[in-house]
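Any read-out appearing in this document is the output of simple, stated calculations on the displayed coordinates, not a laboratory observation. What you see is a predicted model, and the numbers here were worked out from it, not measured in a lab. Virtual Cβ from ideal backbone geometry, glycine too; neighbours counted across all protein chains shown.
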Amino acid sequence: MAATMKKGVAAEDVNVTFEDQQKINKFARNTNRMSELKDEIEAKKKSLQNLEDASDDLMMCEDDSMLIPYQIGDVFISHSQEETQEMLEAAKEALQEEIKALEGRVSSIQGVLGDLKVQLYAKFGNNINLEADES
């Protein structure tokens, strides 16, 4: 994913200044950070789905007097069905807020990457490849 210089027959000699190299490095760092954030978002979305599934299963429970084990850290604590449902809702809301914050960070990084692409392609043209590999 890092920026690479293409070698071709018609490639013109372009001097890479220190500032250009800094922009290329910044592009690579932001691309890697965005990839990490997207992975984190996917993990949180999976956790959110698990909480929603648990909440749905809990609603199907017919015995209201039964105590439901709820994991807090490494410990399971038994609560009533209503308390457990409230805890699940609070956990879902917290995860949704975290996902929203991460998506905001991704969009700001995408803005920075867009600006860097414009600057680098303006100077290097077809001599640089800033597109993500699809392999």
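The table below gives the values:
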quantity: Dipole magnitude of the chain, debye to nearest 20 (Cβ charges: Lys/Arg +1, Asp/Glu -1, about Cα centre); calculated: 1500
quantity: Relative contact order (percent, whole number), segment 12-130, Cα cutoff 8 Å, 6+ residue spacing; calculated: 34
quantity: Potential lengthening between L67 and L102 on full extension [0.36 nm per residue; Cα-Cα distance subtracted]; calculated: 9.1 nm
quantity: Efficiency of FRET from Cβ geometry, K123 and N32, R₀ 22 Å, rounded to 0.05; calculated: 0.50
quantity: Full-stretch length increase - E40, D56 - with 0.36 nm per residue and alpha-carbon distance subtracted; calculated: 3.3 nm
